[in-house]
Amino acid sequence: MWGAVDWYPKDVPAYRLDTRHLTTLEHGAYNLLIDEYMMTREPLPDDDRVLASIARMPVEEWSRIAPTIRAFFRPRAGMLFLKKCDAILNAQDNSSKRLSERAQKAANKRWSAIKGLDATSMPQECLEDASVMLGDARERERVRKIIPDTELNSERGAPAKNSRGARLTADWGLSADLLAWTIGALREHGMDIPTAEAWKDRILPKFRDYWTGKAGAAARKTDWDATWRNWLRRELETIPRMNGNHNGPTEQAETDRRAKLVAGAVARTTRPLAGGLAPLPAGNADTFLPAFSGRNGGGDA
């Protein structure tokens, strides 16, 4: 069984994609929590005082960033679980178990050929293998006492997905990781956080209603998180890029639209003559072009 670790693999592109919305301070706190999770090989206590201590900051300072950092974790029975860390730890546990089983089989093969063998004649290596296997069993029993087997499978090494896929359940929602990705994608489109939240709340019901109401094989998916990401990307193609503090088109886009209105008005108010085009009618331009003042100005803006 694996003990405490002093290094672990890190998928840098995936981490940056999931944490684009974090500040420098939040990055530091989140990485310290991940380090603690991996070094102890255990979920973190669901206690702000302990988390603040791990993050090396006062409780008051931690409380300001806690909601953002906690969104990455899933609370269970007084502990905080991080899916990506659990996947790495589970792979290491499985590898250790396979090595233990392989060593046991090799020992059995070596000693089965010796007749009259008793337990006291086994070498120290076999005793160590047996100790490792016992430690694996005790660790699994300890984790089962914290959470049920069904939840454990969902957090660490879930069973292989059905190749035929499954329908979207009525209670499907965004996980912490998927929510962070969603807000990050909307902010990349020029939205501030409140606007991104509003658009997320507008798009999610459409997604859920569409797929729960759809019939046939096309309504079965093997990865609903990936389906949501593709759906959001297509939605963003229909939404004008924003400037970060409102939910309408950018000022440049609005200026371009006004320029087209001017060109159309000029074309409609001129007529061909032998000597060229007739001048515009007397009067202010406001007689044919609505006034524009500011980003969300009057008229038909």
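Going residue by residue through region 253-261, is there one that turns out to be in a helix (DSSP H, G or I), open to solvent by 40 Å² or more (accessible area, probe 1.4 Å), at pLDDT below 90 and closer than 29 Å to Pro13 by Cβ? Among the residues of region 253-261, not one is in a helix (DSSP H, G or I), open to solvent by 40 Å² or more (accessible area, probe 1.4 Å), at pLDDT below 90 and closer than 29 Å to Pro13 by Cβ, which makes the answer no.
Six or more apart or on different chains, Cβ under 7 Å: which pairs go from a residue in region 204-230 that's part of a helix (DSSP H, G or I) to one that's aliphatic (A, V, I, L, M)? Could you list them? The qualifying pairs are Arg208/Leu168; Trp211/Leu168; Trp211/Ala219; Thr212/Leu168; Thr212/Ala170; Trp224/Leu168; Asp225/Leu178; Trp228/Leu178. Here Gly190 does not qualify as among the small types (Gly, Ala, Ser), in a helix (DSSP H, G or I) and open to solvent by less than 20 Å² (accessible area, probe 1.4 Å). For Asp35, the requirement of being farther than 17 Å from Gly184 by Cα, touching a helix residue (DSSP H, G or I) at 6+ places or on another chain (Cβ under 7 Å), at pLDDT below 95 and not basic (Lys, Arg) is not met.
To keep it simple, each residue is scored yes or no on (1) touching a helix residue (DSSP H, G or I) at 6+ places or on another chain (Cβ under 6 Å); (2) farther than 13 Å from Asp86 by Cα; (3) in a loop (DSSP other than H, G, I, E, B).
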position	(1), (2), (3)
Tyr15	no, yes, no
His21	yes, yes, yes
Glu26	yes, yes, no
Asn31	no, yes, no
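Quick one: is Met57 assigned to a loop (DSSP other than H, G, I, E, B) and either touching a residue at least 12 places away in the same chain (Cβ under 8 Å) or touching a Gly at 6+ places or on another chain (Cβ under 8 Å) (or both)? The answer is yes for Met57.
The values are calculated or read from the model by the stated rules, or taken from the named source; none is laboratory data. These numbers were taken from a predicted model, which means no experiment stands behind them. Methodologically, a virtual Cβ is constructed for each residue, glycine included, from the backbone with ideal geometry; neighbour enumeration extends over all protein chains shown. Surface areas here come from the heavy atoms of the whole protein model, side chains and all, with no ligands, DNA or RNA. Shrake-Rupley method; radii C 1.70, N 1.55, O 1.52, S 1.80 Å.
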